[in-house]
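Some notes on the structure that comes next.
Read-outs throughout are calculated quantities, based only on the coordinates presented, and are distinct from any laboratory measurement. Given the structure is predicted, the values throughout are model-derived calculations rather than measurements. Heads up, the Cβs are rebuilt from the backbone with ideal geometry, glycines too, and the neighbour counts pull from every protein chain shown.
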Amino acid sequence: MTSPDTHLVFATPRKLPKARTLEGRVVVIDLAFASEASGGGFEGITLPFIEALGPRLAAWVDHHDHAQHKRFADDPRFVLATKAQHGACPEMIDPALVERIGPAQTIVCHPDFDGLAAAAKWLRTGVEPYPGCDLDARAIDTRMGTPSPVAEMIDRALRARPRDQSLSGMVVRHLATGLSDAALTATIQLAADEMRALEASTRRLALGYVRLDPGVAVVDITGRTSAVDKTQLLLMGQDRERIAMVVDGDSITLATRFDAGIDLLKLLGLSGGMPTRVSVHRNRLDQVCEALGIRPDDMSSVALRR
């Protein structure tokens with residue numbers, strides 16, 4: 001295992017930390033290059049971060065599609081793949097990669113199961129936190145297959161508290177020590193139990209889905225007064241049609257099954273991200289409807305609140 005003093009920083013493609021706040025050599029894990037839907041895109045968000053880190057950027061390991069991957073094809077620090085090549089990030093990390101990159105003082109990762117498991121695997125010098133963890137990450141990130149009970153518990157805890165950085169850190173440390181601390185398991189289970197109320201609220205919101213041709217389930221939850229697990233809401237929409245659309249205030253989120261053969265990035269003309277889930281600003285609603293083949297008259301059956 002690498003140094004227990006390694007700093008963990010949690011980020012999203014849209015909200016990267018300031019490079020000057022990161023200590024030493026930095027490894028970035030499971031963070032997509034920003035797309036133009038991120039309000040700044042690669043040129044305004046990702047590239048300035050890479051340039052600010054300079055030689056301190058030790059590695060960038062990611063499995064989200066992006067047109068700018070080719071820009072770094074000759075830079076050995078960048079280990080980049082598509083979602084089709086690697087359904088989850090931990091399977092991209094092995095002892096040979098960690099050894100080649102060498103010591104790092106900071107890990108920046110996405111705070112979902114996929115990203116945290118990948119960070120923990122890096123801390124364990126490329127060794128799985130427990131047998132089957134890589135497969136669990138793939139099952140959870142693609143929403144295909146059945147994760148193990150421990151992975152399901154951790155995923156539920158993270159979805160119940162998506163902004164709880166202390167919980168994210170706890171999950172990484174627990175995985176990095178091979179799930180050896182029973183007290184940590186109990187604490188994570190308490191967070192997972194909070195999903196029950198969130199799931200009930202999400203099921204109520206899912207009752208608002210409207211099924212439109214050609215195979216899109218749409219729900220507008222703008223102005224909701226209850227909490228929502230948007231991932232679960234999108235999955236409920238996919239149970240109804242091949243594409244789910246959730247309108248929430250100024251955001252439109254689309255999702256489709258990993259095995260549906262639909263690339264939402266290409267469909268909407270976006271440069272990068274997940275081909276199975278994208279978010280754009282509400283001002284692109286007409287463009288989204290045109291790309292999906294939804295007739296304007298059909299959208300009138302959806303209560304699009306402003």
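So here's what we get for this one:
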{"read-out": "³J(HN,Hα), Karplus 6.51/-1.76/1.60, whole Hz, each residue of segment 232-248, x for Gly, Pro", "value": "5, 4, 5, 5, 5, x, 5, 5, 8, 9, 5, 10, 10, 10, 10, 9, 9"}
{"read-out": "Average Cα contact separation per residue, the chain, under 8 Å, 6 or more apart, as relative contact order %", "value": "16"}
{"read-out": "DSSP bridge pairs, the chain: antiparallel proportion in percent, nearest 5", "value": "45"}
{"read-out": "Average Cα contact separation per residue, segment 201-299, under 8 Å, 6 or more apart, as relative contact order %", "value": "23"}
{"read-out": "Estimated inter-spin distance, ALA291 and ALA197, nm [label 7 Å along Cα→Cβ]", "value": "3.7"}
{"read-out": "Label point distance in nm, ARG20-ALA96, each placed 7 Å from Cα along Cα→Cβ", "value": "4.1"}
{"read-out": "Ordering of 252-265, 68-81, 192-205 by packing [mean C-beta count within 10 Å, highest first]", "value": "252-265, 192-205, 68-81"}
{"read-out": "Of ALA227, ALA58, ALA137, the one that fluctuates the most in a GNM where the chain has Cα springs shorter than 10 Å", "value": "ALA227"}
{"read-out": "DSSP beta bridge pairing in segment 210-306, given as percent antiparallel to the nearest 5", "value": "75"}
{"read-out": "Folded to 0 to 90 degrees: helix 165-176 orientation relative to the chain principal axis, Cα", "value": "50"}
{"read-out": "Structure-based [θ]222 nm, the chain - -39500 (n - 2.57) summed over DSSP H runs of at least 4, per residue, nearest 500", "value": "-10500 deg cm²/dmol"}
{"read-out": "Listed candidates (1) 18; (2) 22; (3) 44 - label of the one calculated as percent of Cα pairs over 34 Å apart", "value": "(2)"}
{"read-out": "Cut-off 13 Å between beta-carbons: net charge of the residues surrounding HIS281, Lys and Arg +1, Asp and Glu -1", "value": "-1"}
{"read-out": "Long-range HN-HN contacts of LEU57 with modeled amide H, under 5 Å", "value": "VAL26"}
{"read-out": "Candidates HIS110, HIS64, HIS86, ranked by Gaussian network fluctuation over the chain, Cα under 10 Å, top entry", "value": "HIS86"}
{"read-out": "³J(HN,Hα) computed for each position of segment 130-137 - Karplus, 6.51 cos²θ - 1.76 cosθ + 1.60, integer Hz, glycine/proline x", "value": "7, x, x, 5, 4, 5, 4, 4"}
{"read-out": "Gain on full stretching of the segment that runs from ARG282 to ARG211 - 0.36 nm per residue minus C-alpha separation", "value": "23.6 nm"}
{"read-out": "Cut-off under 5 Å, modelled amide H: who pairs with GLY273 long-range", "value": "ASP65, HIS66"}
{"read-out": "Whole-Hz ³J(HN,Hα) from phi, Karplus 6.51 cos²θ - 1.76 cosθ + 1.60, for segment 66-79, glycine and proline x", "value": "6, 5, 7, 4, 4, 5, 10, 4, 9, 9, x, 6, 9, 10"}
{"read-out": "Listed residues PRO129, PRO90, PRO111, most fluctuating in the chain (Gaussian network, C-alpha, under 10 Å)", "value": "PRO129"}
{"read-out": "Amide H contacts of GLY208 (H built 1.01 Å from N, under 5 Å, at least 5 apart or other chain)", "value": "none"}
